[in-house]
Amino acid sequence: MFIQTEATPNPATLKFLPGRSVMASGTADFTNVEDAAPSPLAQRIFAVEGVEGVFLGPDFISVAKGDAVDWPHIKPAILGAVMEHFTSGQPVMAESAQTDSGHADHDGPHGAIVTQIKDLLDTRVRPAVAQDGGDITFHGFEEGIVYLSMRGACAGCPSSTMTLKMGIENLLRHYIPDVLEVRPVPT
């Protein structure tokens with residue numbers, strides 16, 4: 001098994017590509033070892049000292065490290081944990097585990113606008129963000145303001161504010177005149 005790695009725009013996060021499916025559907029975001037209980041894979045990665053976050057995408061794993069460690073020191077151990085997991089035959093997630101399917105439900109007014117927002121996010125934004133090891137999902141729409149949740153490599157990324165304001169906000173405002181602003185939801 002050959003696992004590729006890619007840098008992300010977030011210097012504290014590295015993207016691992018095992019060359020196979022990681023999550024059959026949805027995503028999973030773990031910010032500490034206790035949250036990782038439903039995922040044997042995430043538990044193995046958190047066992048590496050210095051790991052502070054694990055995001056499981058469709059075909060990638062994003063790992064966030066703390067400031068006290070450098071990638072050259074922990075990357076080999078993470079590669080080993082990922083390889084060990086996939087050769088063990090254990091599932092990525094326990095059968096009873098809940099995965100995040102993506103966008104929040106919207107049951108208020110503006111249903112047509114929210115549908116357009118979600119469609120644009122799914123077709124134009126999320127694939128590009130996944131290339132950088134993260135995900136952005138719809139959280140809400142209120143009085144012209146779109147609230148988005150940033151996860152994986154996007155959470156805490158130095159360029160995330162610019163991505164939201166210059167990229168996503170401009171895209172949504174171009175196609176949907178009712179959108180006035182995009183704001184992140186604190187995680």
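Just one of Ser159, Ser149 is in contact with a Pro (Cβ under 8 Å, 6 or more places away or on another chain), of a type in the set (S, T, N, Q) and at pLDDT 80 or above; which is it?
Numbers: Ser159 fails: at pLDDT 80 or above.
It is Ser149.
Looking at Ile74, Ile78, Ile3, Ile61, which is the one that is within 16 Å of the chain's Cα centre (by Cα) and either modelled with pLDDT of 90 or more or surrounded by fewer than 22 Cβ atoms within 10 Å (Cβ to Cβ) (or both)?
Details: Ile74 fails: within 16 Å of the chain's Cα centre (by Cα); Ile78 fails: within 16 Å of the chain's Cα centre (by Cα); Ile3 fails: within 16 Å of the chain's Cα centre (by Cα).
Step by step, each of Ile74, Ile78, Ile3, Ile61 is checked, and only Ile61 is within 16 Å of the chain's Cα centre (by Cα) and either modelled with pLDDT of 90 or more or surrounded by fewer than 22 Cβ atoms within 10 Å (Cβ to Cβ) (or both).
State yes or no: is Val114 hydrophobic (A, V, I, L, M, F, W, C) and modelled with pLDDT of 95 or more?
Working: hydrophobic (A, V, I, L, M, F, W, C): yes; modelled with pLDDT of 95 or more: no.
It is false that Val114 is hydrophobic (A, V, I, L, M, F, W, C) and modelled with pLDDT of 95 or more.
Taking into account only those residues within the range 18-36 that are among the aliphatic types (A, V, I, L, M) and within 14 Å of the chain's Cα centre (by Cα), which is farthest from Ile74 (Cα to Cα)? Walk me through how you get there before you give the answer.
As a first pass, look at the range 18-36 and keep what is among the aliphatic types (A, V, I, L, M): 22-24, 28, 33, 36.
With the extra rule that they be within 14 Å of the chain's Cα centre (by Cα), the set shrinks to 22-23, 28.
Values: Val22: 21, Met23: 24, Ala28: 22 Å.
Only one residue fits best here, namely Met23.
So if I check each of Leu79, Leu14, Leu41, which one is assigned to a helix (DSSP H, G or I), touching a strand residue (DSSP E or B) at 6+ places or on another chain (Cβ under 8 Å), touching a residue at least 60 places away in the same chain (Cβ under 8 Å) and within 27 Å of Ser160 (Cβ to Cβ)? Break it down into steps so the answer makes sense when it comes.
Numbers: Leu14 fails: assigned to a helix (DSSP H, G or I); Leu41 fails: touching a residue at least 60 places away in the same chain (Cβ under 8 Å).
None of the other options fit; the residue is Leu79.
So that you can scan it fast, the table gives a plain yes or no per residue for (1) within 22 Å of Thr13 (Cα to Cα); (2) of a type outside the set (D, E, K, R):
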position: Thr123; (1), (2): no, yes
position: Gln131; (1), (2): yes, yes
position: Glu142; (1), (2): no, no
position: Tyr147; (1), (2): no, yes
position: Met150; (1), (2): yes, yes
position: Ser160; (1), (2): yes, yes
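The values are calculated or read from the model by the stated rules, or taken from the named source; none is laboratory data. Remember, predicted model here, so these are calculated numbers, not experimental data. Note that we place each Cβ from the backbone using ideal geometry, even for glycine, and neighbour counts take in every protein chain shown.
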